Amino acid sequence: MLEGLSNIIHVAELRKRAVFTLIMFVIFRLGVHIPVPGVDSSVIENLFSSGNLFGLLDLFSGGALSKFSVLAMSITPYINASIIMQLLTSVVPTFEQWAKDNQDGREKIQKVTRYGTVFLGFIQAFAMSYALKVNNALVDNSWAMVLMISIILTAGTCFLMWLGDQITAGGIGNGISLIIFAGIVARFPDGAVTVYKYIQAGTINIFQALLFAVIAILMIVVVVEVTQGTRRVSVQYAKRIVGRKMYGGHTTHIPLKVNQAGVIPIIFASSVLMFPITIGQFVQIGWVQTLASFFAWGTISNTIIYAFLIIFFTYFYTAITLNIPQMTENMQKYGGFIPGIRPGKPTATYIDRIMTRITLAGAFFLAFIAILPNFIGWLTGIQGVYFGGTALLIVVGVAIDTMKQAESLVLTKQYQGFMK
């Protein structure tokens with residue numbers, strides 16, 4: 001990590017890319033503080049004062065949702081569109097063919113994803129605007145105001161999508177991921193201030209604050225270890241003679257990640273649990289309120305269901321994204337085999353059995369890391385600080401990927417210098 005930072009400082013091209021990325025971050029943070037016109041901010045703040053699941057969405061937006069700024073929806077519609085497109089790629093033959101193509105196919109998938117982002121973004125923006133209208137949070141409760149706010153919020157998401165593309169092209173790392181990363185990191189100082197206010201008010205003591213800090217450091221260590229954890233499956237390639245040249249004859253491995261699904265299962269599970277809670281915020285009917293209270297964030301029922309949903313979606317998403325039959329087919333095509341395992345279906349069965357076992361460990365890890373903030377709140381008495389495992393998973397994953405891209409750019413620069 002320190003070596004990567006040193007390379008960014010000393011290599012001129014990396015330094016320019018890093019400065020460009022920081023400028024884009026500044027623009028993003030400025031947009032967070034531009035409020036949507038015609039909205040009563042006090043009504044919005046009441047939704048976040050109780051430390052519920054809305055705080056997780058506010059964390060992804062870097063505080064833009066609680067302020068109800070023009071970037072209130074953050075990049076969430078793009079994430080949803082990307083996930084839907086990835087799932088459809090495994091089902092729709094046309095999308096699957098596009099995924100197998102090189103540059104043209106990826107550009108087509110990206111284009112459809114962007115159109116899907118605008119569509120999903122407008123639906124989400126209209127729902128949020130209508131909810132404000134129902135709660136009398138608009139200065140003008142007309143449908144024209146609802147439509148105007150929907151367009152503004154959708155335009156904010158499209159701007160962030162464009163900003164992410166600019167970072168990807170001229171900065172370091174994946175722009176969309178870095179925007180989420182910047183939003184989460186920007187909320188950490190607010191969390192530290194909240195803990196300090198708890199101590200000043202006498203709500204917690206120094207021991208509880210130190211316990212919170214120790215748990216946070218341990219969480220970071222565990223998340224880093226599991227994120228980089230892999231199960232290596234040895235693969236032997238047979239020697240082949242093509243013309244006068246001999247190919248193969250070497251040993252390599254397939255790195256099967258313990259956390260293959262990343263943070264996606266947590267996002268899926270959060271979305272499912274968010275639905276009844278969101279409906280309960282705006283529909284004042286007895287049975288709806290009872291259902292919403294059953295799924296209320298932090299309750300025992302919510303915690304148990306949340307954990308089971310994460311485990312289920314971990315297996316589901318891993319099965320969708322990891323095409324084991326195609327992996328074994330490509331291995332067999334180039335003369336590769338796992339020592340002691342016959343090529344073809346036995347190899348696929350062997351890899352599938354390994355993935356089932358390590359995915360179980362990854363699923364339990366994701367479930368534990370997602371519900372851990374509840375236990376931290378119970379142990380330390382600190383509420384409303386969204387220093388959860390979900391945020392750490394994203395921050396650690398993006399940081400590791402960005403450093404790897406920086407290292408690859410350094411290697412490319414060194415190779416170019418050697419060739420010249």
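The values are calculated or read from the model by the stated rules, or taken from the named source; none is laboratory data. Nothing here was measured: the structure is a model prediction, and the numbers come from that model. As a convention, Cβ positions derive from the backbone with ideal geometry for all residues, glycine included, and neighbour counts pool all protein chains shown. Surface accessibility is based on the protein's heavy atoms, side chains included, excluding ligands, DNA and RNA. Shrake-Rupley method; radii C 1.70, N 1.55, O 1.52, S 1.80 Å.
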Point to revise | Count of segment 62-82 residues which are modelled with pLDDT under 85, open to solvent by less than 10 Å² (accessible area, probe 1.4 Å) and assigned to a helix (DSSP H, G or I) | key: 1
**Study point:** Meets criteria (buried (at least 20 other Cβ atoms within 10 Å of the Cβ), assigned to a helix (DSSP H, G or I) and not charged (D, E, K, R)) for residue 168
**Key:** no
Review point. Which residues, taken from segment 215-241, are part of a helix (DSSP H, G or I) and open to solvent by 100 Å² or more (accessible area, probe 1.4 Å)?
Key: 217, 218, 225, 228
Check your understanding: Are any residues in segment 177-189 touching a Gly at 6+ places or on another chain (Cβ under 7 Å) and either open to solvent by 20 Å² or more (accessible area, probe 1.4 Å) or not aliphatic (A, V, I, L, M) (or both), and if so, which ones?
Key -> 183, 186, 187
Check your understanding: If you take the residues of segment 120-151 that are within 17 Å of residue 66 (Cβ to Cβ) and in a helix (DSSP H, G or I), which of them is nearest to the chain's Cα centre (by Cα)?
Key -> 124
Exercise for review: Give me a count of the residues in segment 268-286 that are at pLDDT 75 or above and either open to solvent by 40 Å² or more (accessible area, probe 1.4 Å) or not in a helix (DSSP H, G or I) (or both).
Suggested key: 1
Review point. In this structure, is residue 101 acidic (Asp, Glu), more than 26 Å from residue 160 (Cα to Cα) and open to solvent by less than 70 Å² (accessible area, probe 1.4 Å)?
Key: yes
Exercise for review: Looking only at segment 61-111, count how many residues are over 26 Å from residue 25 (Cβ atoms) and under 20 Å from the mean Cα position of the chain (by Cα).
Suggested key: 7
Revision key, fill the gap. For segment 291-303 the number of residues that are in contact with a helix residue (DSSP H, G or I) (Cβ under 9 Å, 6 or more places away or on another chain) and assigned to a helix (DSSP H, G or I) is 7
Point to revise | Residues being among the hydroxyl-bearing types (Ser, Thr, Tyr) and under 18 Å from residue 267 (Cα atoms) - total across segment 354-375 | key: 1
Check your understanding: Would a scan of segment 204-214 turn up a residue that is in contact with a Lys or Arg (Cβ under 8 Å, 6 or more places away or on another chain), more than 24 Å from residue 69 (Cα to Cα), touching a residue at least 40 places away in the same chain (Cβ under 8 Å) and open to solvent by 20 Å² or more (accessible area, probe 1.4 Å)?
Key -> no
Check your understanding: Out of all the residues in segment 104-113, which are exposed (fewer than 12 other Cβ atoms within 10 Å of the Cβ) and closer than 15 Å to residue 321 by Cβ?
Key -> none
Point to revise | In segment 339-359, the residues that are under 17 Å from residue 314 (Cα atoms) and surrounded by fewer than 14 Cβ atoms within 10 Å (Cβ to Cβ) | key: 353, 356, 357
Review point. Any residue at all in segment 326-334 that is open to solvent by 60 Å² or more (accessible area, probe 1.4 Å) and not in a helix (DSSP H, G or I)?
Key: yes
Review point. Residue 130 passes all but one of (1) without any contact (Cβ under 8 Å) to a residue 24 or more places away in the chain; (2) buried (at least 21 other Cβ atoms within 10 Å of the Cβ); (3) among the hydroxyl-bearing types (Ser, Thr, Tyr); which number fails?
Key: (2)
